[in-house]
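Readers should treat all values here as calculations from the given coordinates under stated rules, not as data from a laboratory. Source: prediction; values computed, not measured. Don't worry about glycine lacking a Cβ; one is built from the backbone with ideal geometry, like all the others, and counts go over all protein chains shown.
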Amino acid sequence: MKWRLSYVVLILVMLVVGYMVDPMLFPGGEKQVQQTKEEDSFFEIDIRKNEPQRVVQNTPEPEPEPVVEDGQEDEEEKDPESAEITQINRVLGEDRGRRPVHEEDVKGVIRPNEWRKPKALERKLTSRLRSRIGTPNRDRILAFIRDPENRLQIAQWELLHRADLDALSELMKDKETADSLAKLLNNLPWISSFVYDGEMEKPEIALAMVQQFRKVDKDMDHDRLMDKVKVKPGVKRRIAAAVAVEFTRNGWYGSGTPLTKEQIKYYKDTGIPLPDITPDSGKKKAPVKDNFRLARERYLFFAQSWDEGLLNTSFGNLPDWLMHFPCGWRGNNPFGTASSMRWQRDNCSAPARAYLDMCSQVPYLPLNKYGDDIFSNYYYQPFDVLYPGLFAKETRDIGAVCGGLSHFGASSACSNGVPAFTMGEPGHCAYAVYVDDEWHPTNTISEKRQPHYLTWGLHQWSALQMMTDMYKDGQRTRDAQMICSLANLLAKNKNPINALKLYEMAVTMQPLYNPVWGMYLDTAAKYLSKRPSKYLGVNDFICSAVAPKHPEMCARYLTETIYPTLLTTLKTGKQKMVAFKSYFGNLNENEKAEWDMEKMLSMQFDSLGKAVPVKLDYFRMIADSVRRRPAFGPALSWAVRRAYQDNRSTGERVRGMVDSLLDDLPKDDPNYNDTQVLLKASVIRAAEEMTALSLENPRGNNRDKEYYLDIANKYSKDYLNPEENNMPDFTPPPGKLISPGGLVMLDMYAPKQDSIVTHAAALTPQGGAIISEKGKHRKVTVELPKRANIGGIVIVPTGPDCTAYREWFVETSMDGKNWKLLANLPESSENPCIVLTVERDCPQARYIRIDSGAEQLQGINFKAILVYDNKKGK
Amino acid sequence: MTTKKANKTSLLIALCAVFSAAAPLCPAQSEEPSAEQPPVAPEKADASKNPRRPETFQDALSAAGDDGVIAFCYGPDWNQRSVRMLKSFWNTENLEKATGQAILVAVPIYENPSPEQEEEANRISAGMPPVPFSVCPTVMMVDKNGTMYANLPGSDFLGDEKGATGIQNIAQKLAAHRKAVELMNKAATLQGVEKAKVLGEIGELPIEKPSGLVDMLKEADPKDTTGLIRRNEHSALQFLYKQMDTKDGFLKQDFHTTLKDLMVESMKIVNDTALRTEDRQAAYCLLIGQARREEGGSKRLKDMINANMKIDPNSFYGRAMPRLLALWSQERANESVDERRTRRNQEKEDEKKRRQHDREIKKTERNVNVE
C-alpha cells in the first residue's frame, strides 16, 4: 500500500514536470502552448476573437485619454511604445515557423482581389466606416478607434484617399504584386506607420517601391537579428516603409546618372573597381529605365546592414518616425550613395554622442592641391577617379568647408542608423544628431537655423522640434491622426458638420499635429458662420496649447490660419487686443525668442486701425508682456522702432514706457536681478544690432541709433564692476583714452555666456565682459564716441594668457564699411594683456574691429578693449 | 523481493520518463541564446589568466616591453561587429603570434553605460590616449611610454571580421615600430650626417613620426646636407597657401597669382629629389591647376600632366593623371582672367538652367506612371 502510494505520487510528479517541460506531449497542450507563446511573443490578432466593442461610459475628462487596443490596456499603460510592439503582424505568420494566417479568414482584412480594384474598395470602406460611426460623438469615436479592425480600415481608407487610384489600380493589376502588397496593407502596425509616421505623398509610387524591395529581398519579413538583439519586430519592413515614403516625397526616384561606356572601359582598364551600379546587377543587365534604383539601393543598404549586425544596435528600436531620418538621408546627394554610406558605416561607427564631433575628421580646406577653390567644379574633380562612389572618404581625404564637414558628420550618423540631418545657418551649414531623446545641433554658429529635413513643408527648426514633441506623445498622436482621417472621410462625403466635430476632436487631442489645423480651419471657414466667439475660442486654444513651448509655430498658426479670418470678424480694437493678449499671456518665460517675431507683431499692430489710444494700449501690452517674460525682449525693441515710424509723439511715449519699464521692475520679485539683467541685455543687444544695421544702411533711421546708443550707455553704467574683474596692470599707449561711451557690436552673440549689460564697461578701465559664440572670423566692432587718431589699443583677454591669438587682426574704419588693417595680434605673449601702440601715422577712425581669423573656431572673450586717441601721432 | 524489484523497475521507468520529458529543453538552452542576454565578450573572464592579456591599460603599460601595448576598442552595448571581432580576431592565437611580445588589452567604449559599466570602462582605459572620434572597432598601438604610434580604425585598416587584414596591418606597424626603436638606439650612438641619415630612415617608416624628429635632424645636420630636414619639414598645404593669392584660406575675389609667379618656386620643389615624391607631385599639381586656369588644354598643360605622371605613375597623384589628361585637355586655352570670369559666370548660368531643366524633368518623372 505504501509503495502504491509512492507510485501515485511519483507518477503525479512526473506528469506535472513533464507538462511543465513540454505541454505538447499532453492532450490540449498545443492550445496551451499557443497561448503561452502569444503571451510572451508577438502573436497574430484574430479580430473575430476580440471581445465585442467596449463602450466607454460618459465620464467627463479634463483631457482626452490615449486610446488603447482591446485586451492590451495593462501593457500599454505601462509602456505606450510596447503597444506598438504588441500590435501584431497578423499576416506574416511565416515568421518563426508559425502557421500562416489566411487573410480571407480574418474579418476586416482586405483580400488581394479587392486591392486590385481600389476605387470600389474605397467606396466599400467608406460605406463600412460611415455606417459604423453613425452620428459621431466623443465617446463613440473614442470607443470606435479602440477596435484594431476599425483602426486598420481607417488607415487603409486614408491611404486610398491620398492615392491616385488609377495609378494604384495599374500597380495592382499584377497578381503577384497585389498578393504581396495586400499582406503589408492588411498589417495594422505597418500600414499605420506607412500612412502616419512621416509625410506620405503619392502612396501608389511608394507602394511600387516597396514591391521592388520585396522582389530584391525575399527575406524582408524575417529579421535575422531578432534572437540576438531585443528590438521591435519587422525592422526590415519598417525600413521599407521609411525609405519608400521619404524617397517618394523628395522625388528621389530618378534613375541617377548612368556611367558612359567610356567611363566603364576606363575603370576596367585601370583596374579600379566599378562604383555600385545596382546591387542586383550581377545576374542580369540593369534595365534602361530604372526609376527606383536609388531607393532600392538605400533599402538594401539598411536591410542588409541590419541583418549583418553592422548598424548601431539602437537602430532597431527607433520609433518609426525617427527611422525616417537615416533611411531618408539625402538620396540625391553623393554622400547618400550606398557605397559611400557603406564606407562610413564600416569606418565611422561610433557611439551616438560621438557623431556630434565626427565632422572634425574632415580638414577645413577652401583650396585643393591644384589651387581650385571649393566653390568651383574642379575641387573634387581631379580626385574623383581615385574614390569611385566613395564621396565621404574623398571628402575626408581632400577636405571641405562647412557644408562638406556637416554632411560628413550627419552622413556618418545616418550610415550607422543614428538619426541626423544637416541644416542651413546664415552663411554656414551645420547639422544635428538625435542623442538621448533630443536633437543636438552641432558645428553650429547661429540659433537661426533651417533644417534641410522638410517638416510639414517647412524648413523651420521650431517645426521640427514640434514634430518631435508630437511623435514623442505617440499614442495620443496616432489617435488624433486616426480621428483626423475619419474627419476627412466625412468631409469628403458631404458631411461637413460632423467632419468639423471630428477635426475639433483631433486638434484638441493633439494640438501639435500641424496638418489637421489647416483642414479644420478650412472646413470651419466654409461651413461655419463667422462667429467671433468661435474663432476667439480657437485662438485661445492654440495659444494655450502651442505657444508655451513652440512660440514660433504658434505665431505661424495665428498669422497664416487664424488671423486672416479672425481679424475680419472682430470689429473693435479692444476685441482684437483680447485675442492678442492670449498669445503673450501664454508664452513660456524660459523659451527664448530667437526667431523673427516682427511679422506677427506687425500684423497685429496693423489690424488695430488708426486710433492712437488703442495703439498705445498695444504697446503697453507688449511692454507688460516683456516685463514678465524678459526673454521676449526683442519685441520691446520692435515696439520702439515701430512707434517712431508711426509718428514722433507716439515714439516718445513708447520710449518713455520702455524707460519706466526698465526703471520700475518689481523689486519684490525674487528673480528681480536676473530679470533686470535679461531685460536690459535685450534692450542693449537690440541697440547694438540696430547700430550694426544702420552701418549697413546709412540712410536708415539715425534716430533709432541715437536712442539705442543712449539706452545702451545708460544701463551699462549699472554694471561697472572693477573689483571683480581683476584688471591687470599695464603701461597704456600714449594718448587719451577715447573708448568709454562707445558701443560694442558682435557678429554672433552668445546670450548664455554673455550678459551683454557689461559691454559698455568693457570699454572703460574698470573692465566688463564681451563674449561671442565660437566660430571662424568672429568679430567685435567698437564704435567710438567720436572720431580719433588711433594711437594704441589695449586688449585684455579673459583667460590667464595671451597665447591664442595667432591669425587675429585689428582693423580700423571711418564709416564702419571700409576697413583697413591696423595690426596683427601677436602669436603669443607672456603679458596678461595685449598692448598695441601705433608709433607714427596714427590712422583716423570712428570704428575699430577685432577679427579672430579663419584658422580656428574661436570666440571673442575679452575683459576690455581700450582705445587711445593720440592727436600728436597724426 | 518481487515487490522490491517491481519498485525499482517502476522507479527507473519513472525517472526515464522524467528525463525524456525534460530532454527537449537541453538543446534549446545550449543552442539558442536568450533574446534578453546583452552582447558581452565571452572571453572576458579568461583574459586575466593570460599574462599578455591584462585587464586594464595601466596593467598592460606596466608589463609592456619594447613591443608596447596594443589596445582593441569595442562597443559592447551598441556595436555588434566589434563584439564579434573579439572572438574572431582579437582573442585568437594568430593575433598573439603576429604581435610578438606586445601586451594586448581590450577596451570597451559604451554608448549608454550603467554606472558600474562606466566605472569599469574608466578603470580599463585609464591612462590611454583618447580614441580618435571613439570609432569602433579600432586598434590603437602605443609604445612602452604610452605614446600612440599607430591607430587602425574601421574596415579600411582591420578588414573584415575575421581580421586577416587587421593582423597583417598590425604586424606591419609593429615591425615598423621595432625598426624605429632599433634605429633610434643606433642614432644615439652616432653623430652628424650619419646620425641624420639614421633619423631620416625613421621618418620613412609607416607609423607616426616621433615628436621632435625635425629638431633632432637639425641638431645632427644643421646645414641640411642630406636634405632630410627639408623632406620632413615640407608641407604641401602650407606651400600651396603661401603661393596662392588667398585671404583666410579662400582665393581673393581679384586673385592675381599667375603661372609665371608659381613656376619658379614650384619647380624648385618638383626638382628637389630630397623631398617626398608625393610632395613633389603636389607642387606640380599646383602648376597644372594654374595652367588649366590660364591656358586651358594647352600643350604645356598636357606636358605637365605627363611629366607629373612620370615622377611616379603609381602614387596617389600619379594614378589620377590619365583621367586628368582626358578631362582637362578639352579645357579652353589662353583665356584672360576677365574672359575666364565671364565664362565661369556663363557656366554658372548654364548650370542654373541645367538644374532648372533637371527639376522640370524630375517633376515629369514624379508624374510618371508606375510600372
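If R0 equals 35 Å, the separation of the Cβ atoms of A:ASP437 and A:SER544 corresponds to a calculated FRET efficiency of about 0.90.
For B:TYR149, the amide hydrogen comes within under 5 Å of the amide hydrogens of B:MET141, B:VAL142, B:ASP143, counting only partners 5 or more places away or on other chains and with H modelled in the peptide plane.
The phi torsions of the stretch B:315-323, fed into the Karplus equation with coefficients 6.51, -1.76 and 1.60 and a -60° offset, translate into couplings of 7, 3, 6, x, 5, 7, 5, x, 5 Hz, rounded to whole numbers, with Gly and Pro shown as x.
Residues whose amide H comes within less than 5 Å of that of A:LEU737, counting only those at least five positions distant or on another chain, are A:ASP869 (H built at 1.01 Å from N in the peptide plane). Residue by residue, the stretch B:90-101 carries 3J(HN,Hα) couplings of 6, 8, 10, 5, 4, 5, 4, 5, 6, 10, x, 9 Hz when phi is fed to the Karplus relation 6.51 cos²θ - 1.76 cosθ + 1.60 (θ = phi - 60°); x denotes Gly or Pro. A Cβ-based charge dipole, computed about the Cα centre of the stretch B:239-328 with Lys and Arg at +1 and Asp and Glu at -1, lands at about 260 debye.
Using the Cβ atoms and a cut-off under 13 Å, what net charge is assigned to the surroundings of A:GLN481, where Lys and Arg are +1 and Asp and Glu are -1? It works out to a net charge of -2.
Local charge for A:VAL435 was computed over the other residues whose Cβ lies under 13 Å away, with Lys and Arg +1 and Asp and Glu -1, and equals -4. With only Cα atoms counted, the stretch B:188-233 has Rg and Dmax values of 9.4, 27 Å. Computed over the stretch A:351-462, the convex hull of the alpha-carbon atoms projects to a mean area of 7.7 nm². Computed from the C-beta positions of A:THR135 and A:VAL578, the FRET efficiency with R₀ = 35 Å rounds to 0.55. Using a/c under 1.5 as the rounded threshold, could you call the stretch B:239-328 rounded, prolate or oblate? The axes a ≥ b ≥ c are square roots of the C-alpha gyration tensor eigenvalues, and prolate needs a/b larger than b/c, oblate otherwise. Oblate is the answer for the stretch B:239-328, as a/c is 1.5 or above yet b/c matches or exceeds a/b. For the stretch B:188-233, a simple Cβ point-charge model (Lys and Arg +1, Asp and Glu -1, everything else neutral) yields a dipole of about 100 debye relative to the Cα centre. A P(r) calculated from all alpha carbon pairs of the stretch B:29-171, with 10 Å bins opening at zero, reads 12, 45, 35, 7, 1 percent. In this simple spin-label model, placing a label point 7 Å from the Cα along the Cα-to-Cβ direction at both B:LYS209 and B:GLU233 gives a separation of 1.1 nm.
Loop-located trypsin sites (Lys or Arg not before Pro) in the stretch A:557-591 (DSSP state not H, G, I, E or B) with no more than 14 neighbouring Cβ atoms inside 10 Å: A:LYS571.
The phi-based Karplus calculation (6.51 cos²θ - 1.76 cosθ + 1.60; θ = phi - 60°) puts the 3J(HN,Hα) values of the stretch A:619-626 at 4, 4, 5, 4, 4, 5, 5, 5 Hz, whole numbers, x for Gly and Pro.
Close amide H contacts of A:SER349 (hydrogens built in the peptide plane, cut-off under 5 Å, sequence separation of 5 or more or a different chain): B:CYS136. Extension gain for A:ASP473 to A:SER533 (0.36 nm times residue separation, less C-alpha to C-alpha distance): 18.6 nm.
Using only the Cα atoms of the stretch B:148-304, construct the convex hull and provide its projected area averaged over every direction, in square nanometres to one decimal. Computing the convex hull of the Cα atoms and averaging its projections yields 12.8 nm².
Based on the Cβ-Cβ distance of A:TRP456 and A:ASP606, what FRET efficiency does E = 1/(1 + (r/R0)^6) give at R0 = 25 Å, to the nearest 0.05? Using R0 = 25 Å, I get an efficiency of 0.40. Using only the Cα atoms of the stretch A:447-602, build the gyration tensor, take square roots of its eigenvalues as a ≥ b ≥ c, and label the shape rounded, prolate or oblate: rounded if a/c is under 1.5, else prolate if a/b is larger than b/c, else oblate. Verdict is oblate for the stretch A:447-602.
Note: the stretch A:315-402, Cα convex hull, 112 Å³ per residue.
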